[in-house]
Amino acid sequence: MSDPKAPSALPRAQTCPRCGQPNGCAVEAGAPSGTCWCMHEPLPAPAAARAPIPPDAACYCRTCLRALRSESATA
């Protein structure tokens with residue numbers, strides 16, 4: 001049985017920079033950028049400043065993006 005906390009074997013651009021799990025990025029899967037779920041759930045500027053996405057990453061997973069948005073709303 002594999003360890004769910006083990007580093008992902010996916011390319012870095014397909015993993016969340018916060019948790020390391022698959023990010024579900026449609027752009028990295030070859031779809032047009034407007035079709036990615038993250039285009040409809042933007043990261044607020046204060047959260048982006050505290051948790052910038054590394055240049056070789058695509059985006060946060062939906063769970064982490066929502067957590068960052070929630071943290072931003074309460075900060």
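Let's see how each residue does on (1) more than 13 Å from the chain's Cα centre (by Cα); (2) more than 19 Å from Ser70 (Cα to Cα); (3) modelled with pLDDT under 75:
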residue	(1), (2), (3)
Asp3	yes, yes, yes
Ala13	no, yes, no
Cys16	no, no, no
Gly24	no, yes, no
Gly30	yes, yes, no
Gly34	yes, yes, no
Pro42	no, no, no
Exercise. Of all residues in the range 9-41, how many are in a loop (DSSP other than H, G, I, E, B) and not small (Gly, Ala, Ser)?
Worked result: 14
Problem set entry | Which listed residue is open to solvent by less than 60 Å² (accessible area, probe 1.4 Å) and out of contact with any His (no Cβ under 7 Å at 6 or more places or on another chain), from Pro55, Pro32, Pro17 | Pro17
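The values are calculated or read from the model by the stated rules, or taken from the named source; none is laboratory data. Just so we're clear, the structure is a prediction, and the values are computed from it rather than from any experiment. All Cβ positions, even for glycine, are placed from backbone atoms using ideal geometry, and neighbour counts span all protein chains on display. Note: areas computed on protein heavy atoms with side chains; ligands, DNA, RNA excluded. Shrake-Rupley method; radii C 1.70, N 1.55, O 1.52, S 1.80 Å.
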